[in-house]
Amino acid sequence: MREMAIKLVLFCLCFWRLDDVFGQETKLMKPGDSVTLNSGLTEMKDDDQIQWMFRSGKENALIAEINVRADSMTVYEDVLDGRFRNRLKLNNQTGSLTITNSRNEHTGLYELLTKSVMKRFFLSIIDEISMKEGDSVTLNSDLTEMKDDNVIQWRFGNENTLIAEINKQTDSMTVYDDVLDGRFRNRLKLNNQTGSLTITNTTTEHAGAYELDINNEKKRFLLAVYDEISVKEGDSLTINSGRTEITTGEMFFWLYMNEITFIAGINPWVNNITVYDDVLDGRFRDRLKLDYQTGSLTITNITTQHAGRYVFLTERGPIIRLLEALSVSVYGE
C-alpha cells in the first residue's frame, strides 16, 4: 500500500439534512445532470390522478399533474419564478417525472401523490471542484444581485464561526478574518453585488465545512483535503473514520464521489446501519463492511472498479462535518 500526495477539492452540498436519506429515495447529481423520478407505475388507469409536488424550506408548489379522466396533462414550469421552465418532462404513460439540466435551486423534496400511493424523492446537487494548495476558490451564492432585504452570512467549521456577512437592511458588509487565530487574515473577499465569497491562497487549514445563510435559506460547501493512497488489486482497504465511537445525535454517511452515490450510512437514532452495496450495478456487492462502533468502512477484494474518491460525512443539527476524504488508486501485480 503506497501513500501519495495531497490535493484540495471543493464540493457544494445542497442538502436540507443528511437524515433525509432515510425514509425516501435520494438522488445525488452534478449540476447540469438529468434525473427521472419513477412513479413505479407501468401504465395509468382510467380514473388515475397524479400530482408532483416540490418542497424546499418554506416553498411548496405543484409542478406537474395528470388527470386521466379529464384527459389532461399539465406541467407548471412557471411556478417559483420559473426555475423549472423548460426543464420538466412528464411521461403520460407512467406519470414519471424527468428534470433536465438540474441546478442548485432544484434541490429539495419531490412528492408523488396518487389516490393510493405517495412516494418521496430527495434531490441534492453536489458540485466538486479540484484545486491546488495556494489557489483561490470562490464559493458562489448563485445570486445575480442582492435584494434590499437580504441578509447574507458565511460560517466556517465545526463551531459554525461567522467569517463574513452582508446586511442590505443596514447597508453593511463585514469580513471577520481575525477569527480562528487569524487563519483567514487577508484571504477573504466578499462580493457586495452577489454575496459570493472568495478565499485566496488556500491552505489545508482552510479545509472544512462552509455554510451560506441567505435569509435563513442555507447552502453548504466542503473544502476537502483528499489523502491519496494506492492499493494492490485483491487486497482489502479500511478507510478509518477517525472516531473511536459513534455518538447518538449524529448521522454518518460514506459517499463514492466519482459517481456521487451513497454507499453506507449509520443512523444511531434508530439503531440503523445500512450498506448500499447494490448501487452502481453492484460493483460493491458483498465487499463493504461498516463498523458500527467507529463508522470505519472496509472494502474487501478491491478491484480497479473501486478506484476513486471517498468521503465520510457527519451531521449534528445544522452542522455538517467532513471526517475523512480519500482518493484511492488500484494497481495490479
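Would you call residue 147 buried (at least 18 other Cβ atoms within 10 Å of the Cβ) and either part of a helix (DSSP H, G or I) or modelled with pLDDT under 90 (or both)?
So residue 147 fails the test.
Could you tell me whether any residue of the range 268-278 is modelled with pLDDT of 80 or more and surrounded by fewer than 15 Cβ atoms within 10 Å (Cβ to Cβ)?
yes
Check whether at least one residue in the range 147-159 is in the same structural domain as residue 218 (by TED's automatic domain parsing), among the small types (Gly, Ala, Ser) and on the phi > 0 side of the Ramachandran plot, and report yes or no.
yes
Which of the residues belonging to the range 100-121 are under 21 Å from the mean Cα position of the chain (by Cα) and closer than 14 Å to residue 25 by Cβ?
Selection gives 108, 109, 110, 111, 119, 120, 121.
Residue 119 versus (1) part of a loop (DSSP other than H, G, I, E, B); (2) in contact (Cβ under 8 Å) with a residue 40 or more places away in the chain; (3) surrounded by fewer than 17 Cβ atoms within 10 Å (Cβ to Cβ): which is the lone unmet condition?
That leaves (1) as the condition not met.
Counting only residues that are in a strand (DSSP E or B) and charged (D, E, K, R), which one in the range 279-325 is modelled with the highest pLDDT?
If we take residues in the range 279-325 being in a strand (DSSP E or B) and charged (D, E, K, R), then 289 is modelled with the highest pLDDT.
Go through the range 194-251 and count every residue that is surrounded by 14 or more Cβ atoms within 10 Å (Cβ to Cβ), assigned to a loop (DSSP other than H, G, I, E, B) and charged (D, E, K, R).
3
Return the residues of the range 42-76 that are touching a residue at least 60 places away in the same chain (Cβ under 8 Å) and either β-branched (Val, Ile, Thr) or closer than 12 Å to residue 97 by Cβ (or both); say none if nothing qualifies.
Scanning the range 42-76 gives 50, 51, 52, 53.
Look through the range 279-319, keep the residues that are in contact with a Gly (Cβ under 9 Å, 6 or more places away or on another chain) and hydroxyl-bearing (Ser, Thr, Tyr), and return whichever of them is surrounded by the most Cβ atoms within 10 Å (Cβ to Cβ).
Step by step, filter the range 279-319, then rank; the result is 314.
Do you know which residues across the range 44-89 are touching a Ser or Thr at 6+ places or on another chain (Cβ under 6 Å) and crowded, with 17+ Cβ neighbours inside 10 Å?
50, 65, 87
Being of a type in the set (Asp, Glu) and outside any loop (DSSP other than H, G, I, E, B) is the filter here; which residues of the range 47-87 pass it?
Across the range 47-87, the qualifying residues are 59, 65, 81.
The values are calculated or read from the model by the stated rules, or taken from the named source; none is laboratory data. Everything quoted here is computed from the prediction, not taken from an experiment. Glycine gets a Cβ as well: all are built from the backbone with ideal geometry, and neighbour counts include every protein chain shown.
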